[in-house]
Amino acid sequence: MSMKGWLARVAAGTAMALTALQAVAYTQTSNGWNMPTGVTEIAHEVHKLHMWVFGVVTIIGILVFGVMIYSIIQHRRSKHPKPADFHESIKVEIAWTIIPFLILVGLAIPAAGTLIKMEDTRNSEMTVKVTGYQWKWQYEYVGEGVSFFSTLSQESNVARQTGSGVDVTKVPNYLVDVDNPLVLPVGKKIRFLITANDVIHAWWVPEFAVKKDAIPGYINEVWTRIEQPGVYRGVCAELCGRDHGFMPIVVRAVPEAEFKAFLDGKKGGKTEVAAAAPGTASDAAPAAAPAPAATEVANAGAKPAAAPAAAKELGQDELMAKGEKVYAANCSACHQASGAGLPPNFPSLHGSKIANGPAEAHIEQILKGKNLMPPFPQLSDEDIAAVATYERQSWGNKGSVVQPSQVAALRK
Ligand code: HEC
Ligand SMILES: [Cu+2]
């Protein structure tokens, strides 16, 4: 067959293969074959760019392999025992410089436009500060005085422990679910300020096409505007230590009114996301925020927020039940669900001097940390009282019950 015939065939084949591949890629979006089309303008643009580049590389691949295979067959030694002997073709050299250059320009122009848009955080309507910790996320609604931690869901955390005996395929949203999701309103331009408290993490939600490094001492900016209500999941995208795979991200995008109700619920000291019931949405919307108290919460951690709870005495059963949850979310990574720790670095709490000794030293250790153990001032008085009680009365320990007021007294 002539060279022209071959090229015509390669071109026709390319076009067909490309159409088929694009069709597959588009239809398989929801089946996990392709990048998600996403729920933000930027995500749609990124998806289009991805399809464009995918098309270009497919054509290049088919052309290059087509020529290679053609040459291998047509110019094999048995057919052409004497090889052609030519070099230095100016025309060919110009062509193989200019064509790739044009291809690169064709890729760079649309990509640069989208990159510039991604960086443009002007005119955002609200700001959320995202802080990465080993191994959880903290979300702060800047100026609202609302801030909370988001950790791997209890169910996943229990199931993931070695020898838990749980069939993880039966755990809904295994390893991609959290206790407190980030709740955001749809249709608003939201600016994220992304940083970290210990090592580098990265906040990544594929459906938003948002992926930004969270670096201690730096604040990175990125923004989004979510088009549809829904639950969007992501993960930490920077290897950040042992439990890197266990700090997922969950965003619940809700209509504006529901978002307001959620924020007001948080300001009222309620911790349950479920407080954002439709019934409370309408009357909660105009309610004025308790401004001074709210800013204090942001500045001084959980102290003022926990103040009302401090007055309340809690029953032992209540403290134990709560303590078990706080322990699973904050302490079990090092001390293990069984309390046996991971000696020599992470001590066992079985018969621990601290857990069986005076409550004050135990509370101090949780509030201030010690050597490899990080401090936990961000936990509320009630949470600390509960987790201390839980440690003091589990695994054969015989420590006293700790009340939130004892924690409040030591916070000064
Ligand atoms: C990052 C790992 C880590 C996490 C998470 C952690 N700890 Fe620790 N913990 C340690 C280390 C390390 C020590 C030993 C500190 C030392 O004495 O040098 C320790 C010691 C302790 C002790 C004293 C044990 C003894 O008798 O010496 C108690 C009590 C304790 N931790 C409670 C907690 C509680 C409560 C939490 C959760 C709120 C928690 N820890 C979370 C690492 C951790
Ligand atoms: Cu991380």
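The values are calculated or read from the model by the stated rules, or taken from the named source; none is laboratory data. This is a predicted model, so every value here is computed, not measured. Ideal geometry is used to build each Cβ from the backbone, glycine not excepted, and the neighbour counts take in all protein chains shown. Areas reflect the complete protein model, heavy atoms only, side chains present, ligands, DNA and RNA absent. Shrake-Rupley method; radii C 1.70, N 1.55, O 1.52, S 1.80 Å.
For the reader, a short list of remarks on this structure follows.
- Residues being more than 13 Å from ligand 1 (Cβ to nearest atom) and not in a loop (DSSP other than H, G, I, E, B) - total across segment 396-412: 7
- In segment 188-205, the residues that are under 14 Å from Met118 (Cα atoms) form Cβ pairs under 6 Å with partners that are outside any strand (DSSP E or B) and away from ligand 2 (no atom under 16 Å from the Cβ), at six or more places apart or across chains, as follows: Lys189/Ser124; Lys189/Glu125; Lys189/Arg225; Arg191/Thr121; Arg191/Ser124; Leu193/Ile219.
- Top-ranked residue in segment 104-146 [being closer than 17 Å to Ile226 by Cβ and either without any contact (Cβ under 8 Å) to a residue 12 or more places away in the chain or within 16 Å of ligand 2 (Cβ to nearest atom) (or both); ranked as surrounded by the most Cβ atoms within 10 Å (Cβ to Cβ)]: Val130
- One residue from Ala386, Ala361, Ala333, Ala321 being within 16 Å of ligand 2 (Cβ to nearest atom) and either under 24 Å from Asp179 (Cα atoms) or in contact with a helix residue (DSSP H, G or I) (Cβ under 7 Å, 6 or more places away or on another chain) (or both): Ala333
- Test: residue in segment 202-209 that is in contact with a Pro (Cβ under 7 Å, 6 or more places away or on another chain), over 23 Å from Lys266 (Cα atoms) and not in a strand (DSSP E or B): yes
- Of all the numbered requirements in (1) among the hydrophobic types (A, V, I, L, M, F, W, C); (2) at pLDDT below 95; (3) within 16 Å of ligand 2 (Cβ to nearest atom), Val166 misses one, and that requirement is (3).
- Flag if Asp179 is within 16 Å of ligand 1 (Cβ to nearest atom), charged (D, E, K, R) and in the same structural domain as Phe259 (by TED's automatic domain parsing): yes
- Those residues of segment 371-395 which are over 27 Å from the mean Cα position of the chain (by Cα) and either of a type in the set (A, V, I, L, M, F, W, C) or within 9 Å of ligand 1 (Cβ to nearest atom) (or both), in sequence order: Asn371, Ala385, Ala386, Ala388, Tyr390, Glu391, Arg392, Trp395
- Subset of segment 358-370 (residues that are open to solvent by 60 Å² or more (accessible area, probe 1.4 Å) and near ligand 1 (Cβ under 6 Å from one of its atoms)): Lys370
- Gly234 meets the conditions (1) under 22 Å from Met35 (Cα atoms); (2) surrounded by fewer than 17 Cβ atoms within 10 Å (Cβ to Cβ) in every case but one. The failed one is (2).
- Residues that are away from ligand 1 (no atom under 16 Å from the Cβ) and in contact with a Lys or Arg (Cβ under 7 Å, 6 or more places away or on another chain) within segment 229-247 comprise Val231, Ala237, listed in sequence order.
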